[in-house]
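Visitor: Next up is a structure, given as structure tokens.
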Amino acid sequence: MRTIIEPFRIKSVEPIRMTSPAERRQILSHAQYNLFCIAAEDVIIDLLTDSGVAAMSAEQWAALMRGDESYAGSASFERFDAAVKRLMPFKHVIPTHQGRAAEAILFALLGGAGKIIPSNTHFDTTRANIEATGAHAIDLVCPQADDAACEAPFKGDMDLDRLSSLLERDGARVACVMMTITNNAGGGQPASLANIKAVSAMARRHGKLFVIDGCRFAENAWFVKEREEGQRRRSVAEIVNDIFSCADAMTMSAKKDAFANIGGWLALNDDDLAEQARTRLILTEGFPTYGGLAGRDLDAISQGLSEIIDEDYLRYRVRVNEYMLERLVAEEVPVVRPAGGHAVFLEAGAMLPHIPALHYPGQALATALYEEGGVRGCEIGSVMFGRQPDGSERPARRELVRLAMPRRVYTQSHADYVVETILAVHERRSRLRGLRIVREPQALRHFTAAFSPLD
Ligand code: F0G
């Protein structure tokens, strides 16, 4: 069959409240043009994030009832530990309440003033956790990543030349080498297995720990299977195993590729580091067999991990984004190509060349999509990355709007509706105006900043 269908049936539904454009204009103004400040019930299609918003399966809901809420040594932890280790062969698995808690613990141990932590591209919480220790977070993604139209299959790869010269020049300051798979901030683009292995070998040659931020590991592994030479016959589970076999540690948000609404973990091989991490965990998260989660959450994750590597699911998951992208490309809407794993990324900078970077074209586009169709996306550009640690402001590398797809939540007609909304805004793009920031916090300003539209 030509049509790739949602490989599930729906047995529980949530109504969507419809709103009119006039209502949405009021809501936007009330929220001071920050989409994070809008009530979810005022959103028609919520593509703000793919994090923590998955629809759980019947088996996951059943698993909740098996949750063992014992403070220490719970059976839920044993199942969780085994489920993670089945896919990712690390010696120590330390549960946390979400991904950034794992990052905070890891960088409290590895970071510090003067240290450098390179990655293909750090996600915003990763960067903020590194910088909070006084260390520098630097992005060394391959050059193809900056060319939105380039159809290279692995635009999430690390630039090996730049990593090598950093390690030669400044190796003593490098605390560890990281990779984010898929590369969320860079458009949800995957890294190839060959690149991951090469980064691992280079880190080891220089005696550095290699850490993978594995939030979207299954989507990355699917792309490896589909796009990398010699991988097509292997199962996604085997590829996942291969990827993590060459890492010394991983951070994970179970809110992405574990189909969970909450949770995460830090996994490590080094005994001493694991011991220190567990000590910190007890201070901030909880005892090492629950780490800030309920036992039932651990069971939802364990079950989710067995479902996420299902290849029918992954084929459908990636196909939705490809389908939306094909329709947008046909109408010449600027998008990041090829399709990423978890989202469609619109090139706001290219669509709105009349709006300068520091008048936030991404924010202008994201708010227009909300006004037009009640679709909530997320700016990934100068609002998110423009503010520097010293308080100054400079344009981000790219001005994007991310439309992230929650897992198993929306259907084909929802995808069609989103495409229609984008096309309608694209039609009137020359009339969109930029914004200015009227209030912002010290860090991670995109969550709470207030904006005012420019005339
Ligand atoms: N790393 C990556 C690549 C992420 O995308 C995220 C979260 C995190 C780490 C942090 O995990 O939220 O569980 O603390 N990304 C979400 C998003 C918030 O919308 O992309 P967390």
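Visitor: Could you please find all residues in segment 114-129 being within 10 Å of the ligand (Cβ to nearest atom), β-branched (Val, Ile, Thr) and crowded, with 24+ Cβ neighbours inside 10 Å?
Guide: Result: Thr121, Thr126.
Visitor: Take segment 440-449 and flag every residue that is more than 9 Å from Arg387 (Cβ to Cβ) and surrounded by 16 or more Cβ atoms within 10 Å (Cβ to Cβ).
Guide: Selection gives His446, Ala449.
Visitor: OK, next. Among (1) more than 16 Å from the ligand (Cβ to nearest atom); (2) assigned by TED's automatic domain parsing to the domain that holds Gly188; (3) of a type in the set (Val, Ile, Thr); (4) surrounded by 23 or more Cβ atoms within 10 Å (Cβ to Cβ), where does Ile282 come up short?
Guide: (4)
Visitor: Same structure, new question: Please give the number of the condition Arg25 fails out of (1) away from the ligand (no atom under 16 Å from the Cβ); (2) within 30 Å of Thr279 (Cα to Cα).
Guide: (2)
Visitor: Also, quick follow-up: When the residues of segment 194-228 are filtered to those that are among the small types (Gly, Ala, Ser) and within 22 Å of the chain's Cα centre (by Cα), which remaining residue is surrounded by the fewest Cβ atoms within 10 Å (Cβ to Cβ)?
Guide: Looking only at segment 194-228, we keep the residues that are among the small types (Gly, Ala, Ser), and these are 194, 198, 200-201, 203, 207, 214, 218, 221.
Next, only the ones that are within 22 Å of the chain's Cα centre (by Cα) stay: 194, 200, 214, 218, 221.
Numbers: Ala194: 15, Ser200: 20, Gly214: 29, Ala218: 30, Ala221: 34.
Selected residue: Ala194.
Visitor: Against the definition (away from the ligand (no atom under 14 Å from the Cβ), more than 22 Å from the chain's Cα centre (by Cα) and not charged (D, E, K, R)), how does Gln303 come out, yes or no?
Guide: When the stated conditions are applied, Gln303 does not pass them.
Visitor: Now for a different question. Pairs under 8 Å by beta carbon, first residue among the hydroxyl-bearing types (Ser, Thr, Tyr) in segment 48-59, partner assigned to a loop (DSSP other than H, G, I, E, B) and more than 7 Å from the ligand (Cβ to nearest atom), six or more apart or different chains?
Guide: Thr49/Pro406; Ser57/Phe8; Ser57/Phe259; Ser57/Arg408
Visitor: Which of (1) surrounded by 16 or more Cβ atoms within 10 Å (Cβ to Cβ); (2) closer than 30 Å to Met56 by Cα; (3) among the acidic types (Asp, Glu) does Glu399 not meet, given it meets every other one?
Guide: Unmet for Glu399, out of (1) surrounded by 16 or more Cβ atoms within 10 Å (Cβ to Cβ); (2) closer than 30 Å to Met56 by Cα; (3) among the acidic types (Asp, Glu): (2).
Visitor: Let me ask another. Within segment 307-348, take every residue that is over 21 Å from the mean Cα position of the chain (by Cα) and outside any loop (DSSP other than H, G, I, E, B) and give me the one that is surrounded by the fewest Cβ atoms within 10 Å (Cβ to Cβ).
Guide: In this case the residue turns out to be Ala330.
Visitor: Shifting gears a bit: Helices (runs of 4 or more DSSP H) wholly in segment 190-269 with at least 1 residues that are of a type in the set (Asp, Glu) - which ones?
Guide: Helices (runs of 4 or more DSSP H) meeting the threshold: 217-227, 236-245.
Visitor: What are the residue pairs meeting all of these: first residue in segment 66-79, first residue assigned by TED's automatic domain parsing to the domain that holds Gly295 and exposed (fewer than 14 other Cβ atoms within 10 Å of the Cβ), second residue part of a helix (DSSP H, G or I) and charged (D, E, K, R), Cβ atoms under 9 Å, and 6 or more apart or on different chains?
Guide: Taking only residues 6 or more apart or on different chains, the pairs are Glu69/Arg296.
Visitor: Look at Ala132 and say whether it is surrounded by fewer than 17 Cβ atoms within 10 Å (Cβ to Cβ) and either within 16 Å of the ligand (Cβ to nearest atom) or closer than 20 Å to Met88 by Cα (or both).
Guide: When the stated conditions are applied, Ala132 passes them.
Visitor: Please count how many residues of segment 397-430 are acidic (Asp, Glu), touching a helix residue (DSSP H, G or I) at 6+ places or on another chain (Cβ under 9 Å) and in a helix (DSSP H, G or I).
Guide: Within segment 397-430, the subset acidic (Asp, Glu) is 399, 416, 420, 427.
Filter again for touching a helix residue (DSSP H, G or I) at 6+ places or on another chain (Cβ under 9 Å), leaving 399, 416, 420.
With the extra rule that they be in a helix (DSSP H, G or I), the set shrinks to 416, 420.
So the answer is 2.
Visitor: If I go through segment 354-396 residue by residue, how many of them are within 16 Å of the ligand (Cβ to nearest atom), part of a loop (DSSP other than H, G, I, E, B) and of a type in the set (A, V, I, L, M, F, W, C)?
Guide: 1
Visitor: When segment 38-71 is examined, which residues are found to be closer than 24 Å to Glu371 by Cβ and more than 16 Å from the ligand (Cβ to nearest atom)?
Guide: Ala39, Glu41, Asp42, Ile44
Visitor: Tell me which of these Val236 doesn't satisfy, since it passes every other one: (1) away from the ligand (no atom under 12 Å from the Cβ); (2) closer than 22 Å to Pro143 by Cα; (3) of a type in the set (Val, Ile, Thr).
Guide: (2)
The values are calculated or read from the model by the stated rules, or taken from the named source; none is laboratory data. Predicted model only: the values in this text are computed from it and were never measured. Every residue, glycine among them, receives a Cβ derived from its backbone with ideal geometry; neighbour counts consider all protein chains shown.
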